[in-house]
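We did not get these values from a lab; they are worked out from the coordinates using the rules stated. A quick note: this is a predicted structure, and the numbers were derived from the prediction, not measured. Backbone-built Cβ (ideal geometry, glycine too); neighbour counts: all protein chains shown.
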Amino acid sequence: MCDGELVQLDEARQGIESIARRLALLHIAYAKAVIDEVGEEKGLRIIARAIKEYGRIIGERTREEVLSRGLEPSPENFDKAPTYRIPSFGMHDRVEVVEVGGELRTRVYGCVLAKVWKELGEDRLGRLYCYMDVAKYMAYNPRYKLVHVKCVLDGDGYCEFAVRPTTEKEREDFLSKDREWFYMDHL
């Protein structure tokens, strides 16, 4: 698209889905190469470090964009930084916001990334990518984390996200280069 051309929504959706599929394949290719090269235990630590860094970069850039708009880096303003926001179409089939026990949650159905990883039988390695959601949110504002209450790659029928406050221990573990931090996604 250039010079004011318009693209049909279906074509845009297909383009975004194609990029998402390629991102899913890239993640698996890198993860498998790392594990093949250094072994599973060390490989998983390296992948965790890379996912944390990836999320950190997204979170910090989102924070900078939100602040540049004169907004506070609050959960309500996270999606007001369009440069790093997930597209509203093409990445999944549909999204809904629900309230569960007084907590707002976002349910995502038909995640394209998860579909690719399931097709490849790589649920476990694909799931590592999902931890970037915790990392991006904590880098955006360390007082909060975005957790997967449910995840397709954990066997659920859809992914369900909730924004929750972090603890001092979680903030310390996240900032440490050698502490495990994936546990934060399951609390």
Open item on the list: Against the definition (out of contact with any Gly (no Cβ under 6 Å at 6 or more places or on another chain), free of Cβ contacts under 8 Å to residues at least 24 places away in the same chain and more than 21 Å from Arg143 (Cβ to Cβ)), how does Glu76 come out, yes or no?
Closed with: no
- [ ] Could you tell me whether segment 141-153 includes any residue that is surrounded by fewer than 20 Cβ atoms within 10 Å (Cβ to Cβ), without any contact (Cβ under 8 Å) to a residue 12 or more places away in the chain and outside any strand (DSSP E or B)?
- [x] no
Open item on the list: Which residue is surrounded by the fewest Cβ atoms within 10 Å (Cβ to Cβ), if the candidates are limited to segment 98-122 and must be in a helix (DSSP H, G or I) and of a type outside the set (A, V, I, L, M)?
Closed with: Glu119
- [ ] Filter segment 41-64 for residues that are basic (Lys, Arg) and either out of contact with any helix residue (DSSP H, G or I) (no Cβ under 8 Å at 6 or more places or on another chain) or farther than 21 Å from Leu26 by Cα (or both) and give the result.
- [x] Lys42, Arg45, Arg49, Arg61, Arg63
- [ ] Please work out if Lys42 is free of Cβ contacts under 8 Å to residues at least 60 places away in the same chain and within 30 Å of Asp178 (Cα to Cα).
- [x] yes
Task: Residues satisfying the stated conditions in segment 33-83, i.e. surrounded by 14 or more Cβ atoms within 10 Å (Cβ to Cβ), hydroxyl-bearing (Ser, Thr, Tyr) and part of a helix (DSSP H, G or I) - done: Tyr54, Thr62
